[in-house]
Amino acid sequence: MRVVAAGSPIYAHTVNATPFLAGLAARSVEVHQAVATPLLDVVPEGVGAWDTGPAPDFGPGGGGRVAEVGRRYSWLVDDARTRVGAVRKVLERLTPDLVLTDSLGYAAALAAEQVGLPWVSFGDGPLHFPDRRTPPFGAGLPYRTPAPWVWRNVVVQAASRHVVMAAPQRRYAELRASLGLPARDVPVLEACLSPHLHLHCGVPELEYPRERLPEHVRFVGALRPPEPPGWAAPSWWERVVEQHPGQVVLVTQGTLRDDSAEVLRPALHLLLESGRAGVLTTGAADPASLTASAPDLGAGGGSVAVESFVPYGRVLPHAGAFVTNGGWTGVLLALAHGVPVVQVGRTEEKADIGRRVEWAGAGLHVPAPGRDGRALRRALDAVLGDPAYREGARRLAAALARHDPPREGAELMLGLRA
């Protein structure tokens, strides 16, 4: 059997295919990954790497949360327009039995449809399949089931599809027509969700209940991206991490959005002022750009460290809280360790993730840090001081521990072929 993974040109989504490919390879499946040029070095050793060309700049945020969601999806559809031909060539050359993509992988889904191959999607974000009980994607609204809230969902979902997402919906329809594919009456948000098999990263305990969920949606637990080879604990590790067991605050801005003002900067000043131990990871941003705003870091920040990257799995066993803009993989990893989450911000779908964590009783959603970081301070004090949040996180950890994504994903994909 041969499988090709070809997802969206986003770092986290590309990396998140790795555990599924590893599970397939362990079962003697030949695996390949087709990725954008800047992500070729992400493809693991032993996996066939195929270049699908450069990726356009994702661009800065702005224009308000609702407008930004529409703009991001327009970008993804436009990227698929430039990439679908390259993905199709890979599929025609390799003739795989199955195509694997993420929930934003328009090019792979369209190319698979063009050449008549079954395809599987995996979800590394909030579950897209909507119904009248679930708030619409990107709205950051809480889950409520009384009638007025259900009516709200129906109205806002209609507005989302026909107003907010009108531009990407039109682009998607035009792209299908240009590829000779029949019109498809599906919201653009759901267009990359496979009708054959959708592997959703997470557990039902963290996802809003639905009146009806398609049978081909299967929850597979928390992904654990592989640790980069050769990583060694930095010189501050013992002083910051090991000397504060169960108390370390892990803070991250994620890999997509380079905006230290959203989470990192207010969290850094809060940690320095409170004397709490903390590890902050800046991702693509230079750590110096953050530490320059805290001249007292060297003198008074003995228990705070700032790095571009630290494997979360190394810090979380020592952590008391995880403060994040809301990347799904990091949130799941924290919850898998029983660590409560404080999600900060309302960009992209991140507030939807924070609301789910809050609904599950495993943390809090903070729309913005607040003036002088006050809202963030209150939320952090709450999750560290109230054992209910730790108990909620541990309940989710127990649910996530019942799953093994590489094994389950591979078995389900093999079963689909059978």
Scan (1) assigned to a loop (DSSP other than H, G, I, E, B); (2) surrounded by 15 or more Cβ atoms within 10 Å (Cβ to Cβ); (3) free of Cβ contacts under 8 Å to residues at least 12 places away in the same chain; (4) hydrophobic (A, V, I, L, M, F, W, C) for the single condition A183 breaks and write down its number.
(2)
Any idea which of (1) acidic (D, E); (2) outside any helix (DSSP H, G or I); (3) more than 24 Å from the chain's Cα centre (by Cα) is the one D131 doesn't satisfy?
(3)
Say we look at the stretch 121-147 and pick out the residues that are of a type in the set (D, E, K, R) and touching an Asp or Glu at 6+ places or on another chain (Cβ under 9 Å); which of these is most open to solvent (accessible area, probe 1.4 Å)?
R132
Conditions first: (1) touching a helix residue (DSSP H, G or I) at 6+ places or on another chain (Cβ under 9 Å); (2) open to solvent by less than 20 Å² (accessible area, probe 1.4 Å); (3) farther than 28 Å from T18 by Cβ. V150 passes all but one, so which condition is the exception?
(1)
The condition from (1) surrounded by fewer than 22 Cβ atoms within 10 Å (Cβ to Cβ); (2) under 24 Å from the mean Cα position of the chain (by Cα); (3) in a helix (DSSP H, G or I) that A288 misses is numbered (2)
So T101 ticks every box in (1) of a type outside the set (F, W, Y); (2) open to solvent by less than 10 Å² (accessible area, probe 1.4 Å); (3) over 18 Å from I10 (Cβ atoms) but one. Which box is left unticked?
(3)
Report, by residue number, each residue of the stretch 68-92 that is farther than 24 Å from V115 by Cβ and of a type outside the set (S, T, N, Q).
E68, V69, G70, R71, R72, Y73, W75
Does the stretch 163-177 contain any residue that is assigned to a helix (DSSP H, G or I), closer than 25 Å to W328 by Cα and either open to solvent by 50 Å² or more (accessible area, probe 1.4 Å) or aliphatic (A, V, I, L, M) (or both)?
yes
Scanning the stretch 224-239 residue by residue, those in contact (Cβ under 8 Å) with a residue 60 or more places away in the chain and more than 14 Å from P317 (Cβ to Cβ) turn out to be P225, P226, P228, W231, P234, W236, R239
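Residues are listed down the side, and each one gets a yes or a no for (1) touching a Phe, Trp or Tyr at 6+ places or on another chain (Cβ under 8 Å); (2) crowded, with 17+ Cβ neighbours inside 10 Å; (3) of a type in the set (S, T, Y):
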| residue | (1), (2), (3) |
| --- | --- |
| H200 | yes, yes, no |
| V203 | yes, yes, no |
| R212 | no, no, no |
| F219 | no, yes, no |
| L223 | no, yes, no |
| P229 | no, no, no |
| P234 | no, no, no |
| V241 | no, yes, no |
| H244 | no, yes, no |
For residues in the stretch 11-28 being open to solvent by less than 10 Å² (accessible area, probe 1.4 Å) and part of a loop (DSSP other than H, G, I, E, B), which is nearest to L414 (Cα to Cα)?
A17
Among the candidates D51, D57, residue that is modelled with pLDDT under 95 and acidic (D, E):
D57
Residue that is farthest from the chain's Cα centre (by Cα), among those in the stretch 312-327 that are under 16 Å from P226 (Cα atoms) and open to solvent by 10 Å² or more (accessible area, probe 1.4 Å)
R314
Given the criterion in contact with a Lys or Arg (Cβ under 9 Å, 6 or more places away or on another chain) and either more than 30 Å from S293 (Cα to Cα) or touching a residue at least 24 places away in the same chain (Cβ under 8 Å) (or both), identify the matching residue among E262, E242, E215, E207.
E207
If you take the residues of the stretch 379-418 that are surrounded by 14 or more Cβ atoms within 10 Å (Cβ to Cβ) and of a type in the set (K, R), which of them is farthest from E262 (Cα to Cα)?
R407
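Kindly indicate the residue of the stretch 219-246 that is touching a His at 6+ places or on another chain (Cβ under 8 Å) and assigned to a loop (DSSP other than H, G, I, E, B) and also farthest from L412 (Cα to Cα) among those meeting that condition.
Filtering the stretch 219-246 for residues that are touching a His at 6+ places or on another chain (Cβ under 8 Å) and assigned to a loop (DSSP other than H, G, I, E, B), the one farthest from L412 (Cα to Cα) comes out as H244.
The values are calculated or read from the model by the stated rules, or taken from the named source; none is laboratory data. As the structure is a prediction and not an experimental result, all values here were calculated from the model. Glycine gets a Cβ as well: all are built from the backbone with ideal geometry, and neighbour counts include every protein chain shown. Remember, those area values only see protein heavy atoms, side chains included, never the ligands or the DNA or RNA. Shrake-Rupley method; radii C 1.70, N 1.55, O 1.52, S 1.80 Å.
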